[in-house]
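The block underneath contains the structure these notes are about, expressed in structure tokens.
The values are calculated or read from the model by the stated rules, or taken from the named source; none is laboratory data. Just so you know, these numbers come straight off a predicted model, no measurement behind them. Cβ placement follows ideal geometry from the backbone for every residue including glycine, while neighbour counts extend to all protein chains displayed. Ligands, DNA and RNA are excluded from the accessible area calculation, which covers all protein heavy atoms including side chains. Shrake-Rupley method; radii C 1.70, N 1.55, O 1.52, S 1.80 Å.
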Amino acid sequence: LLNSFYHIGKVNKQVNMKSDHQKRVEEFMRLARQEVLNTPAIPSKEVRELRAKLLYEECMEAITGLGVTVRLNHLSLEHSFAADNEPDLVEIVDGCCDLSVVATGTLSACGVPDLPFLEMVDLNNLAKFGPGHSWREDGKLIKPAGHKPPDLRSVINQLQRRAI
């Protein structure tokens, strides 16, 4: 299934496991004096806080571009979403692209190559259209009963072992 990255369940050492996008993001991060790890690991508290702030800021930029207001009920911690503002396609594109950069940079800050995981998640998402899938009232696809998530942990473990 994932033959471009895996051979008999093991990460293929010959394949470049970072997208060109991730390589450019890492170049930016190094110039910006941001840490890029070479092996999957949890970064420092300071790096985790920075990544969380950046993800939040860019996500909110994309949501604002969509013309959507997010309201949080502080008692129930439930969110409501209302498309009650004028959308702006330029802001949508900018927010989504910036979010991609920050999300990819977060993988790099954790020492994780993007390509094998993106392929695993993409293929797993497509498998959700198996017998028994449905849609939530808001249009979100609901995976069928028995659907298994991708085994990201085993690939992380393989990458960590390779680095030793």
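Identify the residue in the range 112-136 that is in contact with a helix residue (DSSP H, G or I) (Cβ under 8 Å, 6 or more places away or on another chain) and not in a helix (DSSP H, G or I) and, among all such residues, is nearest to residue 18 (Cα to Cα).
113
Would you pick out the residues in the range 79-111 that are part of a helix (DSSP H, G or I), closer than 28 Å to residue 37 by Cβ and not polar (S, T, N, Q)? Walk me through how you get there before you give the answer.
Just the residues of the range 79-111 that are part of a helix (DSSP H, G or I), to begin with: 89-109.
Still in the list and also closer than 28 Å to residue 37 by Cβ: 94-109.
Across the range 79-111, the qualifying residues are 94, 95, 96, 97, 98, 99, 101, 102, 103, 105, 107, 109.
I'm checking my understanding of the structure. Among residues of the range 89-111 that are under 15 Å from residue 20 (Cβ atoms) and of a type in the set (Ser, Thr, Tyr), which one is farthest from the chain's Cα centre (by Cα)?
Restricting attention to the range 89-111, the residues satisfying the condition of being under 15 Å from residue 20 (Cβ atoms) are 97, 100-101, 104-105, 107-108.
Narrowing further to those that are of a type in the set (Ser, Thr, Tyr): 100, 104, 108.
Numbers: 100: 8, 104: 7, 108: 11 Å.
The extreme case among them is 108.
Take the conditions more than 22 Å from the chain's Cα centre (by Cα) and modelled with pLDDT of 95 or more and apply them to residue 67. Does it pass?
Criteria met by residue 67.
Between 48, 33, which is on the phi > 0 side of the Ramachandran plot, among the basic types (Lys, Arg) and open to solvent by 60 Å² or more (accessible area, probe 1.4 Å)?
Values: 48 fails: on the phi > 0 side of the Ramachandran plot.
Only one candidate passes the filter, namely 33.
Residue 152 - would you say it is surrounded by 13 or more Cβ atoms within 10 Å (Cβ to Cβ) and either in contact (Cβ under 8 Å) with a residue 24 or more places away in the chain or under 18 Å from the mean Cα position of the chain (by Cα) (or both)?
On the way: surrounded by 13 or more Cβ atoms within 10 Å (Cβ to Cβ): yes; either in contact (Cβ under 8 Å) with a residue 24 or more places away in the chain or under 18 Å from the mean Cα position of the chain (by Cα) (or both): yes.
It is true that residue 152 is surrounded by 13 or more Cβ atoms within 10 Å (Cβ to Cβ) and either in contact (Cβ under 8 Å) with a residue 24 or more places away in the chain or under 18 Å from the mean Cα position of the chain (by Cα) (or both).
Take residue 24 and tell me if it is assigned to a helix (DSSP H, G or I), open to solvent by 50 Å² or more (accessible area, probe 1.4 Å), modelled with pLDDT of 95 or more and under 30 Å from residue 161 (Cα atoms). Step through it out loud before you land on a result.
Details: assigned to a helix (DSSP H, G or I): yes; open to solvent by 50 Å² or more (accessible area, probe 1.4 Å): yes; modelled with pLDDT of 95 or more: yes; under 30 Å from residue 161 (Cα atoms): yes.
In short, yes.
Looking at the range 78-92, I want the residues that are touching a residue at least 24 places away in the same chain (Cβ under 8 Å) and under 9 Å from residue 65 (Cα atoms) and have a partner that is in a helix (DSSP H, G or I) and of a type in the set (Ser, Thr, Tyr) with Cβ atoms under 7 Å, at least 6 apart or on another chain. Which pairs are those?
Here the result reads 91/64, each pair linking the range 78-92 to a residue that is in a helix (DSSP H, G or I) and of a type in the set (Ser, Thr, Tyr).
So which residues in the range 114-133 are of a type in the set (A, V, I, L, M, F, W, C) and under 15 Å from residue 151 (Cα atoms)?
Across the range 114-133, the qualifying residues are 115, 117, 118, 120, 121, 123, 127.
Taking residue 141 as meeting all but one of (1) open to solvent by less than 60 Å² (accessible area, probe 1.4 Å); (2) at pLDDT 95 or above, write down the number of the exception.
(2)
Please go through the range 14-28 and pick out each residue that is in contact (Cβ under 8 Å) with a residue 12 or more places away in the chain and under 17 Å from the mean Cα position of the chain (by Cα).
Of everything in the range 14-28, those that are in contact (Cβ under 8 Å) with a residue 12 or more places away in the chain and under 17 Å from the mean Cα position of the chain (by Cα) turn out to be 17, 18, 19, 21, 22, 25, 26.
Return yes when residue 76 is over 17 Å from residue 105 (Cβ atoms), open to solvent by 50 Å² or more (accessible area, probe 1.4 Å), not aromatic (Phe, Trp, Tyr) and not in a loop (DSSP other than H, G, I, E, B) and no when it is not. Give the steps one after another, and end with the answer.
Values: over 17 Å from residue 105 (Cβ atoms): yes; open to solvent by 50 Å² or more (accessible area, probe 1.4 Å): yes; not aromatic (Phe, Trp, Tyr): yes; not in a loop (DSSP other than H, G, I, E, B): no.
Against the criterion (over 17 Å from residue 105 (Cβ atoms), open to solvent by 50 Å² or more (accessible area, probe 1.4 Å), not aromatic (Phe, Trp, Tyr) and not in a loop (DSSP other than H, G, I, E, B)), residue 76 does not qualify.
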